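The values are calculated or read from the model by the stated rules, or taken from the named source; none is laboratory data. These figures come from a predicted structure and were not determined experimentally. Heads up, the Cβs are rebuilt from the backbone with ideal geometry, glycines too, and the neighbour counts pull from every protein chain shown. These area figures cover heavy atoms from the full protein model, side chains too; ligands, DNA and RNA do not enter into them. Shrake-Rupley method; radii C 1.70, N 1.55, O 1.52, S 1.80 Å.
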Amino acid sequence: MSDIHTSVAREYLTLPYTYTLAQELSASERQPLHLRKREPLSSAVLAAVHAVGYAAPTVQHWRDLADAANLSETLLVMGVFTEPEAQSLFADAVAAVVDLGRKHGNGLEMRLNAV
């Protein structure tokens, strides 16, 4: 059937992403997502990083890393990351996700190259 194995809970996919006016007015610039939404995302990304580094990564792991890169880009554009090296770290992360996707597309094992 499918070779995608779930390694962490993915309840965050079914959480409502709508906010009341009070929630919007009290939203934090530094923490755009509520903890109940951040925790499953960060757990999925941590599992994906671990799988790429030490185990056998799946397509779902790659998707989780791609989602993290997309979220990081959004936060970078929002100005949440103000550190000077944020742009180059983001570029490195995107390059790594693209490299993993290409390897998978060519039938190779999804592993990161040490530089």
For Phe90, what accessible surface area do you get with a 1.4 Å probe? Give it in Å², rounded to 10.
40
Please turn the phi angles of the stretch 87-98 into ³J(HN,Hα) values with the Karplus equation 6.51 cos²θ - 1.76 cosθ + 1.60 (θ = phi - 60°), one per residue in order, whole Hz, x for glycine and proline.
4, 6, 5, 5, 4, 5, 5, 5, 4, 5, 5, 4
Env charge @ Phe81, Cβ radius under 14 Å, K,R +1 / D,E -1, value -4
Probe 1.4 Å, all protein chains in place: accessible area of Glu29 in Å², nearest 10?
150
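If the only charges are +1 at each Lys and Arg Cβ and -1 at each Asp and Glu Cβ, what is the size of the charge dipole of the stretch 59-99 around the Cα centre, to the nearest 20 debye? Display every interim value, and only then the final one.
Working: 1 positive and 7 negative charges, 23 e Å.
Dipole about the Cα centre, nearest 20: 120 debye.
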So what are the ³J(HN,Hα) numbers for the stretch 50-65, from phi and the Karplus equation (6.51, -1.76, 1.60; θ = phi - 60°), rounded to whole Hz, Gly and Pro as x?
4, 5, 5, x, 10, 10, 10, x, 9, 4, 5, 4, 4, 4, 4, 5
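Where nothing but the Cβ of Lys and Arg (+1) and of Asp and Glu (-1) is charged, how large is the charge dipole of the stretch 19-115 around its Cα centre, in debye to the nearest 20? Walk me through the numbers before you get to the answer.
Numbers: 8 positive and 11 negative charges, 60 e Å.
Dipole about the Cα centre, nearest 20: 280 debye.
Over the stretch 36-95, calculate the relative contact order: mean separation of alpha carbon pairs under 8 Å at least 6 apart, over the residue count, as a percent. Mind dumping the intermediate values first?
Working: 28 pairs, mean separation 15.1, N = 60.
Relative contact order for the stretch 36-95 comes out at 25 percent.
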Might you work out the accessible area of Arg38 for me, using a 1.4 Å probe with all protein chains in place, and round it to the nearest 10 Å²?
80
